[in-house]
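As structure tokens, the structure follows; a few thoughts come after it.
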Amino acid sequence: MNRREALKNLGLATGFVVVTPSLISLLQSCNSAPEGWQPVFFNTDETTFVSSIVDIIIPKTEDLPSASELNVIEFIDKYVAEVLDEQEQKHMRETLAEILNNLKGGAENLDKKTSDDYKAILDKYMLVKGEIDEEREANPPKPWVDHTNVINGTKDYLKPTKNEVLNNLKWLTINAYRTNEQIGENVMPYDPIPAQYTCGDLQELTGGKAWSLS
Amino acid sequence: MSNMKVDTTEFDAIVVGTGISGGWAAKELCEKGLKTLVLERGRMVKHREDYPTANLDPWDLPNGGRPSAETQRRKFKQNRTGYTTHEARQHFFVDDLKHPYNEERRFDWMRGYHVGGRSLMWGRQSYRLSDMDFEANKNEGIAVDWPVRYKDIEPWYDYVEDYIGVSGENLGLEHFPDQKLLKPMNLNCVEEHLKEEIASNYDDGRVLTIGRTAHITEGTKPGDGRSTCQYRNRCMRGCPYGAYFSSNSSTLPAAEATGNMTLRPNSIAYEVIYDDTTKQATGVKIIDAETKEKIEYKAKIIFLCASAIASTAILLQSKSERFPNGLGNDSGELGHNLMDHHFHVGAVGDAEGFDDKYTKGRRANGIYIPRFRNTGGKTNTDKFLRGYGYQGGASRGDFSEQIAELKYGPELKNEILKPGKWQMNLLAFGEALPDHKNRLYLDYDKLDEWGLPTVTFDAAFGENEIAMREDMKNQAVEMLEKAGFKNVIGYDNRERFAMGLGIHEMGTARMGHNPDTSVLNKWNQVHACTNVYVTDGSFMTSAACHNPSLGYMAFTARAVDHAVNEFNKNNA
Ligand SMILES: Cc1cc2nc3c(=O)[nH]c(=O)nc-3n(C[C@H](O)[C@H](O)[C@H](O)COP(=O)(O)OP(=O)(O)OC[C@H]3O[C@@H](n4cnc5c(N)ncnc54)[C@H](O)[C@@H]3O)c2cc1C
Ligand code: SF4
């Protein structure tokens, strides 16, 4: 099973993800969640973990904010709370716990972890194209049998592997970032009423960027 | 029944349903001067006012529009398309828990219960049947012959196209008739390239053209302020410009303007009342969806336009001594011959050499390659009957490919803001043959919350369709490869999808010459009860291979013309 399929099975396909409108007191600290914000789904460790890795995935650069500056964590937390069903949430939490245990080593909590520790976890477990997810190989999804599940509205739940959870978080981070209002209206070219459909030169049309609306 | 209220208003006509066919019936009846009651089971949806998501950007929608767990749970059948439950449009699709149906075999029944029906969410692709289609059953000895030929319906296609506005390009092909078209939308550069390649690589008559779609591309059209398309691709949410055809923007305002229409939302029609002394229907029984009150309405003409499955279910429920198996069901064909188009087969490929090209605007339309199989001469094959067409198009994808090997960091961040590679998709839609075994029936043990029987489906695509799919895939691969596309992959998702997903369900009250083998005559009248007209997809005697709804409009307008002529004769 490739990653896209895995994501689909988990109900976390790549499209359409967004940050909540509230924009942002610029938060400098690398692993802190937005001030005054209470997570709906994530517990303390999970919040620390996710808000740290979103800024590793999308760090601050010269001209553009980091993921946490756009409250990506708040988006992801709400997304997991509202889009995943209970069983999917439970599975995600279980796998996250495995990742967190690994990260903690013997430590009580995540207080002393540096961004290098987080990177090491991503380097180890988050796979990219061409790499094999051994955890998944050992526990492959059941082959499609018939339409019974579809008819009854039931699912063959599949607990995500560490790789799958980390890749889900990666895609959620990217999509949340890309469809954030700031990025969508001011960074990426925004064209709400195009009034025409034409083919043209990429540089002339958008300076090489993708349109924010599709 | 004791709690039945009888409404004493004398209507000339009743229309059941306000979707594509019901809107047309309402407009035509009202414009011809008939006092018309229009019954719609769902809530009111007013043009513009009731399109709450029409102008929302992704960041305005919860979770970017991803269906919530609750939406997925309540709309688990509507969710099967993968796109209809997006939070920007799920409010136009039914709640499957509230509106259940049963499946002996999987059937994907995608519905919208509200004023406008699926005219609000349809894909707007609009093509005509040709004599090749009307004659196919007869020539091949399949099912029954259509009692209609192209010349009968041609003026009505002209009429509805002029009114609604369909854009596209005429090709002068006999089996794919020219239409009354507004200026075509543009192909993009990759599609132009494929078009030229197909023209030079094939001499069997296959051509690539822009899709013919019910969008206004120049000027305006009658209705409620209908103007030119702005290329926003948010059609399924309802269009504030009225630029694509919907009942809400076009036919219902026209009916309203006559002063002859009484529109009653929240009215679930469940029975056509039959009077054996006159051999005519006298009215329709409804249940108010909210108060659950039962009311009987009387009229001289009944138009059933509730969509194929729903109109068939109403007829099946209309039992009397004369029609113990449902009104008009002397033939036993009512509920049978259920058809849809089969798809989820075709090919994709990457276009190289266009990296410096991009598009402006979001075109809610794609390409079309009209049928080129079994159209005569060397296009004929003995592997299957009938044929298929391709939809699809080229576009630049997202960043996924560029970051496939990147885990995190500034480089990834840079890439996610760029457009992806150009990809071309050819998606085939094939004709399915009518088959008596493909059917729906009513389950009186499983009642809905209004105490009405639920629909059970028992249907699947057959051998001819399966044989056709091989060719649908292979030809797509070949066309892309010959045109120089890279990484061409053919696909056939046959196992995983089911009938219904084409959302072109039809055929369950078919037309025919003979009352022993069909339900409707050539004017869409129930053979044995001629003041009942059925003009939604249930009348289709065969399916052809393309999107059918334009035909429902044309047949509806023609049937109203016939009905009103009869009405005036009787009242003269
Ligand atoms: C996403 C999507 C894309 C599509 N794309 C295309 C396309 O590109 N081209 C094409 O030709 N077709 C397309 N279709 C199909 C098209 O929408 C239907 O063929 C068309 O709407 C059928 O028209 P209708 O009038 O028969 O039914 P509908 O438009 O479905 O309207 C039926 C109406 O009757 C009402 N009703 C149902 N039961 C009752 C009852 N018992 N009492 C009272 N009222 C009742 C319903 O609430 C509804 O308002 C698409 C459909 C969908 C959903
Ligand atoms: S693309 Fe055209 S028809 Fe569709 S919503 Fe936009 S303006 Fe309306």
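Observations on the structure shown:
- Residues that are within 16 Å of B:Lys35 (Cα to Cα) and surrounded by fewer than 24 Cβ atoms within 10 Å (Cβ to Cβ) within segment B:533-569 comprise B:Asp561, B:Val564, B:Asn565, B:Glu566, B:Phe567, B:Asn568, listed in sequence order.
- From A:Glu181, A:Glu164, A:Glu135, A:Glu185, residue being facing chain B (nearest Cβ under 9 Å), buried (at least 17 other Cβ atoms within 10 Å of the Cβ) and modelled with pLDDT of 95 or more: A:Glu181
- Every condition in (1) buried (at least 22 other Cβ atoms within 10 Å of the Cβ); (2) part of a strand (DSSP E or B) is met by B:Val348 except one, and the failing one is (1).
- Only a single criterion out of (1) within 11 Å of ligand 1 (Cβ to nearest atom); (2) away from chain A (no Cβ under 14 Å) is not satisfied by B:Thr213, namely (2).
- Looking across segment B:344-389 at every residue that is under 21 Å from the mean Cα position of the chain (by Cα) and over 22 Å from B:Gly205 (Cα atoms), the one that is farthest from the other protein chains (Cβ to nearest Cβ) is identified as B:His344.
- Single condition B:Ile142 does not satisfy, out of (1) surrounded by fewer than 21 Cβ atoms within 10 Å (Cβ to Cβ); (2) within 12 Å of ligand 1 (Cβ to nearest atom): (2)
- Looking only at segment A:49-64, residues that are more than 10 Å from every other protein chain (Cβ to nearest Cβ) and surrounded by 21 or more Cβ atoms within 10 Å (Cβ to Cβ) come to 4 in all.
- Output for segment B:217-238, where each listed residue is more than 14 Å from ligand 1 (Cβ to nearest atom), more than 12 Å from chain A (Cβ to nearest Cβ) and buried (at least 23 other Cβ atoms within 10 Å of the Cβ): B:Gly223, B:Arg226
- Under the condition of being at the interface with chain A (Cβ under 8 Å from one of its Cβ atoms), of a type outside the set (S, T, N, Q) and part of a loop (DSSP other than H, G, I, E, B), the residues counted in segment B:44-71 number 4.
- Condition met for A:Lys124 (closer than 14 Å to A:Phe49 by Cα and among the basic types (Lys, Arg)): no
- Just one of the listed residues (B:Leu520, B:Leu501) is of a type in the set (A, V, I, L, M, F, W, C) and either within 14 Å of chain A (Cβ to nearest Cβ) or within 16 Å of ligand 2 (Cβ to nearest atom) (or both), and it is B:Leu501.
- Residue in segment A:194-205 that is closer than 28 Å to B:Lys183 by Cβ, buried (at least 20 other Cβ atoms within 10 Å of the Cβ) and more than 7 Å from chain B (Cβ to nearest Cβ) present: no
- Count of residues meeting criterion [of a type in the set (Val, Ile, Thr) and within 30 Å of A:Ser214 (Cβ to Cβ)] in segment B:364-390: 2
- Every condition in (1) within 14 Å of chain A (Cβ to nearest Cβ); (2) under 20 Å from B:Asn233 (Cβ atoms); (3) charged (D, E, K, R) holds for B:Glu103 except the one numbered (2).
- The set of residues in segment B:29-51 that are hydrophobic (A, V, I, L, M, F, W, C) and more than 16 Å from ligand 2 (Cβ to nearest atom) comprises B:Leu29, B:Cys30, B:Leu34, B:Leu37, B:Val38, B:Leu39, B:Met44.
- B:Arg206 being within 16 Å of ligand 2 (Cβ to nearest atom) and over 27 Å from A:Gly200 (Cα atoms): no
- Here the helices (runs of 4 or more DSSP H) wholly within segment B:120-234 that include at least 3 residues being closer than 25 Å to B:Trp24 by Cα are B:131-140, B:150-164.
- Of all the listed residues (B:Arg111, B:Arg118), the sole one being away from chain A (no Cβ under 14 Å), farther than 16 Å from B:Phe555 by Cα and away from ligand 2 (no atom under 16 Å from the Cβ) is B:Arg111.
- For segment B:209-229, the set of residues classified as within 8 Å of ligand 2 (Cβ to nearest atom) and touching a Phe, Trp or Tyr at 6+ places or on another chain (Cβ under 6 Å) consists of B:His215 only.
- Flag for B:Ala404 being in contact (Cβ under 8 Å) with a residue 60 or more places away in the chain and either within 12 Å of chain A (Cβ to nearest Cβ) or small (Gly, Ala, Ser) (or both): no
- Summed over segment B:306-337, the residues that are surrounded by 20 or more Cβ atoms within 10 Å (Cβ to Cβ), in contact with a strand residue (DSSP E or B) (Cβ under 6 Å, 6 or more places away or on another chain) and part of a loop (DSSP other than H, G, I, E, B) give a count of 5.
- Test result for B:Lys98, surrounded by fewer than 21 Cβ atoms within 10 Å (Cβ to Cβ), within 16 Å of ligand 1 (Cβ to nearest atom) and either within 14 Å of chain A (Cβ to nearest Cβ) or farther than 30 Å from B:Pro515 by Cα (or both): yes
- Pair list, Cβ under 9 Å, 6 or more apart: segment A:163-191 residue under 25 Å from A:Arg136 (Cβ atoms), other residue of a type in the set (Phe, Trp, Tyr) and at pLDDT below 95: A:Ile174/B:Phe399; A:Asn175/A:Phe16
- Matching residues in segment A:167-178 - criterion: being more than 7 Å from every other protein chain (Cβ to nearest Cβ) and touching a Phe, Trp or Tyr at 6+ places or on another chain (Cβ under 8 Å): A:Lys170, A:Leu172, A:Ala176
- If the condition is being of a type in the set (Ser, Thr, Tyr) and either farther than 16 Å from B:Trp122 by Cβ or touching a strand residue (DSSP E or B) at 6+ places or on another chain (Cβ under 7 Å) (or both), then segment B:213-251 contributes B:Thr213, B:Thr217, B:Thr220, B:Ser227, B:Thr228, B:Tyr231, B:Tyr241, B:Tyr244, B:Ser249, B:Ser250.
- The residues on offer are B:Thr258, B:Thr278, B:Thr291, B:Thr262, and the sole one that is in contact with a Leu (Cβ under 6 Å, 6 or more places away or on another chain), more than 14 Å from chain A (Cβ to nearest Cβ) and more than 10 Å from ligand 1 (Cβ to nearest atom) is B:Thr262.
- Single condition B:Leu334 does not satisfy, out of (1) more than 16 Å from ligand 2 (Cβ to nearest atom); (2) among the hydrophobic types (A, V, I, L, M, F, W, C); (3) within 19 Å of the chain's Cα centre (by Cα): (3)
The values are calculated or read from the model by the stated rules, or taken from the named source; none is laboratory data. All values derive from a computational prediction rather than experimental measurement. Quick reminder, even Gly has a Cβ in these numbers, built from the backbone with ideal geometry, and neighbours come from all protein chains shown.
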